[in-house]
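Accompanying notes for the structure given below.
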Amino acid sequence: MFQELSTKHPHFKVINALSEMKDNEPWDGETGFSVDKYLPDDLRGHQAFLCGPPPMIDAVTEVLLDKNLKPEPYIYRILRKTGHGMGFFLTQ
């Protein structure tokens, strides 16, 4: 679904990443915490929508703040108590 959106909308980019992998798991995508390298240095004028467990939300929020995105009202959080996945959406 997201890959299809990125085809239709040139400013919509999907990057799949795994934070942890098993040794025998085939994966050719991103690994580790890779959010920072895909973001512009200055995020003033952007909004961020985050979804995931609190530790992941906190880590991404720290990166956003370091890149000049003000927390309120520009960072929106949807916290999940369990799970390992995270969604992240940035708009301008």
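Restricting segment 18-52 to residues that are surrounded by 11 or more Cβ atoms within 10 Å (Cβ to Cβ) and modelled with pLDDT under 75, the residue that is farthest from LEU69 (Cα to Cα) is MET21.
Return the residue satisfying two criteria in turn: it lies in segment 53-73 and is more than 16 Å from LEU18 (Cα to Cα) and crowded, with 18+ Cβ neighbours inside 10 Å, and of such residues it is farthest from the chain's Cα centre (by Cα). It comes out as LEU69.
The values are calculated or read from the model by the stated rules, or taken from the named source; none is laboratory data. Fair warning: this is a prediction, and the values are worked out from it, not measured in the lab. Every residue, glycine among them, receives a Cβ derived from its backbone with ideal geometry; neighbour counts consider all protein chains shown.
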